[in-house]
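> There's a structure below that I have some questions on.
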Amino acid sequence: MALELNRRGFLTAATLSATAAATTASAFAIESLPAQAAGWPKSALWRLPPHSGAIAWTVDDGKSYDTVSKYIDFIEQSGIRLTFFVTTKYSSWLKVQPRLQPLVNSGQVQLGNHTMNHPNLTKLSAAQVQSELGGCQKFIHDHFGVESRPYFRPPYGYLNETVIKAAADIGYSKPVLWLGSLGDSTPISEPALLKLANTWMTEDRILIGHANQPTVTHLYAQLLKILQKRHLKTVTIKDVFG
Ligand SMILES: [Zn+2]
């Protein structure tokens with residue numbers, strides 16, 4: 001968990017300094033980031049193309065059934081498009097399957113691969129990486145009838161050459177990272193989450209949230225208001241990258 005916090009903190013600092021320097025988003029190259037990001041491959045997706053008029057809201061893990069379920073209520077009621085990065089060790093995904101399936105069928109919700117057990121993939125062998133991704137792929141295919149390739153989100157955002165190659169060899173050629181977080185992989189207060197939403201819910205971002213804590217479920221109306229006020233449409237990763 002500390003690793004995820006570090007990365008989130010780093011992303012926050014890096015992006016704020018880029019903004020302060022009035023650097024355009026498109027000039028904000030991976031190469032210019034500090035050493036912590038050296039493992040990010042150029043093939044990784046971490047933002048949308050400029051001037052998209054959109055935000056890709058992504059939601060990971062699914063530790064809390066209640067939160068996953070309330071996300072589905074919100075998606076149904078608001079019409080937003082969203083990508084879930086599914087971790088299959090959590091039973092939430094099977095429990096919500098009947099309600100989630102129509103949203104997956106229509107394309108309003110995309111299901112991406114977030115492994116079976118949420119390990120740091122950089123600590124695993126190529127075979128173990130493929131087993132983690134392959135198991136999640138089979139789960140999504142067997143229970144929802146859809147293909148999750150080529151998109152996967154490495155737990156904690158950690159990638160190295162072994163992971164990238166092992167994943168690509170089984171069709172997962174597009175790691176999806178992010179450039180803005182709701183900060184809710186672990187407990188967070190409502191004001192703190194709202195503050196992050198105000199900062200990061202802007203055009204062209206891939207936003208990361210988590211279906212782990214109840215906090216976000218109390219804030220859907222406010223989050224929707226932010227999107228509406230900023231005239232942001234919501235897109236899935238597939239909507240933009242095919
Ligand atoms: Zn995760």
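> Using the structure shown, decide if residue 90 is more than 15 Å from the ligand (Cβ to nearest atom) and crowded, with 16+ Cβ neighbours inside 10 Å. I'd like the intermediate steps shown before the answer.
Values: more than 15 Å from the ligand (Cβ to nearest atom): no; crowded, with 16+ Cβ neighbours inside 10 Å: yes.
No; evaluated as a whole, the condition is false for this residue.
> Here are some residues: 199, 186. Which one is hydroxyl-bearing (Ser, Thr, Tyr), closer than 21 Å to residue 57 by Cβ and away from the ligand (no atom under 16 Å from the Cβ)? Can you show your working first?
Values: 186 fails: away from the ligand (no atom under 16 Å from the Cβ).
Just one listed residue meets the conditions, 199.
> Still on this structure: Filter the range 187-214 down to the residues that are of a type in the set (D, E, K, R) and more than 22 Å from residue 176 (Cα to Cα), then identify the one that is least open to solvent (accessible area, probe 1.4 Å). Please lay out each step first, then the result.
Initially, the range 187-214 is screened for residues of a type in the set (D, E, K, R), giving 190, 195, 203-205.
Applying the additional criterion that residues be more than 22 Å from residue 176 (Cα to Cα) yields 190, 195.
Values: 190: 78, 195: 146 Å².
Restricting to residues being of a type in the set (D, E, K, R) and more than 22 Å from residue 176 (Cα to Cα), the top hit is 190.
> If you don't mind, another one. I need every pair where a residue in the range 113-138 that is closer than 13 Å to residue 164 by Cβ and without any contact (Cβ under 8 Å) to a residue 40 or more places away in the chain has its Cβ under 8 Å from the Cβ of a residue that is in a loop (DSSP other than H, G, I, E, B) and open to solvent by 20 Å² or more (accessible area, probe 1.4 Å), sequence separation at least 6 or different chains.
Here the result reads 133/170, each pair linking the range 113-138 to a residue that is in a loop (DSSP other than H, G, I, E, B) and open to solvent by 20 Å² or more (accessible area, probe 1.4 Å).
> Name every residue in the range 47-90 that is assigned to a loop (DSSP other than H, G, I, E, B) and touching a Pro at 6+ places or on another chain (Cβ under 9 Å), in order of residue number. Talk me through it step by step, then tell me what you get.
Step one: filter the range 47-90 for residues assigned to a loop (DSSP other than H, G, I, E, B), giving 48-53, 62-64, 79-81, 87-90.
Of everything in the range 47-90, those that are assigned to a loop (DSSP other than H, G, I, E, B) and touching a Pro at 6+ places or on another chain (Cβ under 9 Å) turn out to be 64, 87.
> Among the residues that make up the range 156-173, is at least one of them under 11 Å from the mean Cα position of the chain (by Cα) and crowded, with 21+ Cβ neighbours inside 10 Å? Break it down into steps so the answer makes sense when it comes.
Pass one, the range 156-173, residues under 11 Å from the mean Cα position of the chain (by Cα): 156-157.
If we keep only those that are crowded, with 21+ Cβ neighbours inside 10 Å as well, we get 157.
Yes, the range 156-173 contains a residue that is under 11 Å from the mean Cα position of the chain (by Cα) and crowded, with 21+ Cβ neighbours inside 10 Å.
> I would also like to ask the following. Going by the conditions given, is residue 138 more than 22 Å from residue 48 (Cα to Cα), of a type in the set (Lys, Arg) and either within 16 Å of the ligand (Cβ to nearest atom) or at pLDDT 95 or above (or both)? Quick ask: steps written out before the conclusion?
Values: more than 22 Å from residue 48 (Cα to Cα): yes; of a type in the set (Lys, Arg): yes; either within 16 Å of the ligand (Cβ to nearest atom) or at pLDDT 95 or above (or both): yes.
For residue 138, the condition - more than 22 Å from residue 48 (Cα to Cα), of a type in the set (Lys, Arg) and either within 16 Å of the ligand (Cβ to nearest atom) or at pLDDT 95 or above (or both) - is met.
> Let me ask something additional. One residue is enough: does the range 194-207 have a residue meeting the conditions over 27 Å from residue 220 (Cβ atoms) and within 17 Å of the chain's Cα centre (by Cα)? Break it down stepwise before answering.
To start, the set of residues in the range 194-207 that are over 27 Å from residue 220 (Cβ atoms) comprises none.
Checked the range 194-207: no residue is over 27 Å from residue 220 (Cβ atoms) and within 17 Å of the chain's Cα centre (by Cα).
> For the range 187-242, which fully contained helices (runs of 4 or more DSSP H) count at least 3 residues that are without any contact (Cβ under 8 Å) to a residue 40 or more places away in the chain and touching a helix residue (DSSP H, G or I) at 6+ places or on another chain (Cβ under 8 Å)?
Numbers: elements: 190-200, 220-229, 237-241.
Helices (runs of 4 or more DSSP H) meeting the threshold: 190-200, 220-229.
> Output the number of the condition that residue 50 fails; it satisfies all remaining conditions of (1) open to solvent by less than 10 Å² (accessible area, probe 1.4 Å); (2) touching a Ser or Thr at 6+ places or on another chain (Cβ under 7 Å); (3) farther than 19 Å from residue 139 by Cα.
(1)
> Of all helices (runs of 4 or more DSSP H) completely enclosed by the range 97-180, which ones contain at least 2 residues that are more than 17 Å from residue 82 (Cα to Cα) and not β-branched (Val, Ile, Thr)? Before the answer, list the steps.
Working: elements: 97-106, 126-144, 161-169.
Once the helices (runs of 4 or more DSSP H) in the range 97-180 are filtered for at least 2 residues that are more than 17 Å from residue 82 (Cα to Cα) and not β-branched (Val, Ile, Thr), what remains is 126-144, 161-169.
> Among (1) more than 20 Å from residue 150 (Cα to Cα); (2) surrounded by 23 or more Cβ atoms within 10 Å (Cβ to Cβ); (3) within 16 Å of the ligand (Cβ to nearest atom), where does residue 100 come up short?
All conditions are met except number (3).
The values are calculated or read from the model by the stated rules, or taken from the named source; none is laboratory data. Fair warning: this is a prediction, and the values are worked out from it, not measured in the lab. No Cβ is skipped: glycine too gets one built from the backbone with ideal geometry, and neighbour counts run over all protein chains shown. The area values use the complete protein model at the heavy-atom level, side chains included, leaving out ligands, DNA and RNA. Shrake-Rupley method; radii C 1.70, N 1.55, O 1.52, S 1.80 Å.
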